[in-house]
Amino acid sequence: MDILIQFAYVVSAALFIYGLKQLGSPATARRGNSISALGMLLAVVAALLDQGIVDFQWIVFGFVIGGAIGGAAARMVQMTAMPEMVALFNGFGGLASLLVGWAAFSPSSETFTLVTIILSILIGGVTFTGSMVAYGKLSEKIDSGAVLFNGQQVVNSLIVLGIVLSAVMFCAGSGGGFWLFLVITLSLVFGVMVVIPIGGADMPVVISLLNSYSGLAACAAGFAVDNNVLIVAGSLVGASGIVLTQIMCKAMNRSLGNVLFSGFGSGKVEESTVEGEIKPITVEDAYYVLEAASNVAIVPGYGMAVAQAQHVVKELTELLEQNGTEVNFGIHPVAGRMPGHMNVLLAEADVPYDQLLEMDDINPRMENVDVAIVIGANDVVNPAARESESSPIYGMPIINVDYARTVFVLKRSMASGFAGIENPLFYKDNTRMLFGDAKDSIGGLIREFN
Amino acid sequence: MIPAEIFLTFILMLSIFLGFELISKVPATLHTPLMSGANAISGITVVGAISLAGTGQHDLANWLGAAAVALASINVVGGYLVTDRMLAMFKKKEG
């Protein structure tokens with residue numbers, strides 16, 4: 001029987017791997033997800049058949065509660081709220097690993113097992129509270145700005161020291177209980193401390209990193225309870241999070257260390273040296289320009305999500321296409337609050353995915369674009385990143401909307417972006433500002449077309 | 001005889017490399033479903049939790065295990081469902 005269970009775990013790991021492989025293309029991705037879910041079902045059934053299990057009531061109890069919550073959340077969540085939902089789920093995964101590590105502890109455990117138990121608790125704890133803070137920031141239940149205070153590094157160093165000390169004492173087998181609780185407490189505190197200094201605009205990096213941690217925590221729990229499938233699945237997720245973290249950091253031209261420790265965007269606004277004047281445009285004039293355009297590029301940002309403007313954007317796209325205009329979308333990797341955030345929103349509004357171009361694909365076409373429409377994006381189209389060496393975002397790859405013949409910037413007001421950086425794009429000769437709520441402005445354009 | 005720890009570490013090493021290979025091929029447009037799908041997979045902790053919740057040994061492990069089963073099932077059920085919901089929306093341009 002035992003060998004059959006182990007074999008089932010092997011098959012389940014293979015299904016996870018194949019499922020992830022299918023996720024490599026939008027055409028097969030949905031099937032890939034189902035295959036991965038099948039792998040999970042198999043692993044759960046195999047675990048339930050384990051002869052060590054004599055008591056099913058606890059398991060059923062846990063599963064019914066968790067399944068109901070998860071199912072309801074998955075059905076009800078708004079697509080704009082995906083980042084906070086993913087953060088929340090990350091946190092639950094982390095806490096589950098912490099509990100598994102804790103439950104796996106028995107005074108007779110060997111040193112290797114103790115080390116893995118500590119790792120599982122530590123990573124799980126940091127993931128849990130870190131994700132909760134990220135959730136709070138993303139859903140704006142707490143201030144999304146960076147929290148910095150004097151002596152922060154010292155406090156963090158002391159916490160790390162405390163964690164290392166209690167981990168060593170625990171693994172050396174002296175007593176267990178006290179040191180175990182100390183590690184649990186400190187790792188929970190540490191999770192809060194590592195996420196509070198990170199500002200809202202850096203959330204794509206944080207959420208990817210926490211995603212990776214939740215996998216690594218599962219992996220450590222796998223070592224603690226001696227289970228292969230946990231190790232395989234956990235490290236796949238861990239690797240996935242790290243790959244995404246790297247992509248996000250590269251798209252911001254910053255190192256991971258810089259994102260984690262610098263408290264970027266914490267209110268230090270540089271002296272504005274931008275010359276030129278802002279040229280507003282009315283909805284009516286904007287319509288005449290769009291009506292005559294043959295090639296339009298739309299560049300969305302977090303502001304589109306906030307204004308829930310994705311559906312009107314789709315409507316405008318259709319009208320433009322009926323008018324014979326070619327419309328493409330340019331998606332910057334860090335647009336929005338999580339990797340791929342804009343793509344999901346536009347997919348929800350029925351924009352076909354082959355119309356969504358990555359930054360490197362849209363940039364070479366920009367010179368042939370008649371009108372580039374920037375909707376609620378700011379830093380990802382800021383030419384200062386290309387031109388001004390003194391700019392804090394200098395070197396960050398951007399979507400070169402200013403190379404288009406005309407640029408429309410849809411913006412609520414003249415306030416600067418999340419990073420608090422002045423945007424010279426607004427002052428360029430070919431830029432026209434369409435002030436107001438993005439949804440209303442686009443709604444106005446649609447009315448003009450009709 | 002090679003000790004079990006080495007086997008486990010070997011598996012870890014191979015799956016990390018495999019993970020990097022697989023994930024770097026996922027296009028940017030699918031990154032959000034990838035994350036929520038990965039989230040669901042990280043709910044694999046449920047397997048570890050099941051074996052701890054049902055041992056009937058002592059109360060604490062049962063309680064912790066049951067709580068872990070509940071949390072991990074939120075991930076598993078919620079993660080797969082929401083990923084499916086998202087992926088169903090991705091459509092190719094018709095015609």
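Annotations
- Its Cα gyration tensor gives region A:280-433 an equivalent ellipsoid. The semi-axes, each the square root of 5 times an eigenvalue, are 22, 18, 15 Å from largest down.
- Size descriptor, Kirkwood hydrodynamic radius, that averages inverse alpha-carbon separations across region A:48-124, Å: 14.8 Å
- Estimated from the Cβ-Cβ distance and a Förster radius of 25 angstrom, the FRET efficiency linking A:LEU49 and B:PHE7 is about 0.65.
- Rounded tilt (10° steps) of A:82-103 against the dominant C-alpha axis of chain A: 10 degrees
- Calculated mean residue ellipticity at 222 nm for chain B: -22000 deg cm²/dmol, from DSSP H runs with n ≥ 4 weighted as -39500 (n - 2.57), summed, divided by the residue count and rounded to 500.
- As a ratio to 2.2 N^0.38 Å, the alpha-carbon radius of gyration computed for region A:1-76 takes the value 1.31.
- Over 20 Å (Cα to Cα) - which of A:LYS137/A:LYS314; A:LYS279/A:LYS411; A:LYS250/B:LYS25; A:LYS21/B:LYS25; A:LYS137/A:LYS250; A:LYS411/A:LYS439 fall in this group: A:LYS137/A:LYS314; A:LYS137/A:LYS250
- B:TRP63 versus A:THR111: modelled label distance in nm, points set 7 Å from Cα along the beta carbon direction: 3.2 nm
- Footprinting exposure proxy for A:THR127, A:THR325, A:THR282 (fewest neighbouring C-beta atoms within 10 Å first): A:THR282, A:THR325, A:THR127
- Seen from every direction in turn and averaged, the convex hull around the alpha carbons of region A:16-156 projects onto 12.8 nm².
- From largest to smallest, the equivalent ellipsoid semi-axes obtained for chain A from the alpha-carbon gyration tensor read 46, 27, 16 Å.
- Here the scattering of region A:81-268 is modelled by Debye summation over its C-alpha atoms, one equal scatterer each and no solvent; at q = 0.14, 0.15 Å⁻¹ the log10 of I(q)/I(0) is -0.76, -0.86.
- The phi torsions of region A:33-42, fed into the Karplus equation with coefficients 6.51, -1.76 and 1.60 and a -60° offset, translate into couplings of 5, 5, 5, 4, 5, 4, x, 5, 4, 4 Hz, rounded to whole numbers, with Gly and Pro shown as x.
- Extension gain from A:SER157 to A:ARG412, taking 0.36 nm per residue of separation minus the Cα-Cα distance: 87.6 nm
- Annotation for A:LYS141 and B:LYS25: the two label points, set 7 Å from Cα along the Cα-Cβ direction, are 3.9 nm apart.
- Kirkwood-based shape ratio for region B:32-95, expressed as Rg/Rh from alpha carbons: 1.25
- Calculated SAXS-style log₁₀ I(q)/I(0) at q = 0.13, 0.19, 0.20, 0.23 Å⁻¹ - region A:146-225, Debye, Cα scatterers: -0.53, -0.98, -1.04, -1.17
- Model label zone, A:ASP285; criterion: amide N under 19 Å from point 7 Å along Cα-to-beta-carbon; scope region A:356-398: A:370-375
- Amide H contacts under 5 Å for A:ASN295: A:GLU326, A:ASP370, A:VAL371, restricted to partners 5 or more places along the chain or on a different chain, H placed in the peptide plane at 1.01 Å from N.
- In order along region A:50-59, the Karplus-derived 3J(HN,Hα) couplings, from 6.51 cos²θ - 1.76 cosθ + 1.60 at θ = phi - 60°, round to 4, 6, x, 8, 10, 10, 8, 5, 5, 5 Hz, and Gly and Pro are given as x.
- Rounded to the nearest whole Hz, the Karplus-based 3J(HN,Hα) values (6.51 cos²θ - 1.76 cosθ + 1.60, θ = phi - 60°) of region A:12-19 follow the sequence 5, 4, 4, 5, 4, 5, 5, x, with x at glycine and proline.
- Compactness relative to 2.2 N^0.38 Å, alpha carbon Rg of region A:345-443: 1.09
- Listed from fewest to most Cβ neighbours within 10 Å, the set A:PHE149, A:PHE178, A:PHE92, A:PHE261 follows the order A:PHE149, A:PHE178, A:PHE261, A:PHE92.
- Comparing A:ASN423, A:ASN400, A:ASN368 in a Gaussian network model of chain A, where Cα atoms under 10 Å apart are tied by springs, the biggest mean-square fluctuation is seen for A:ASN368.
- Two-site label geometry, A:GLN355 and A:THR28: point separation in nm, points 7 Å out along Cα→Cβ: 2.7 nm
- Residues A:HIS341, A:HIS311, sorted so that the one with the fewest Cβ neighbours within 10 Å comes first: A:HIS311, A:HIS341
Where a number appears in this text, it was derived from the coordinates with a stated rule and is not lab data. What you see is a predicted model; the values in this text were computed from it and never measured. Glycine gets a Cβ as well: all are built from the backbone with ideal geometry, and neighbour counts include every protein chain shown.
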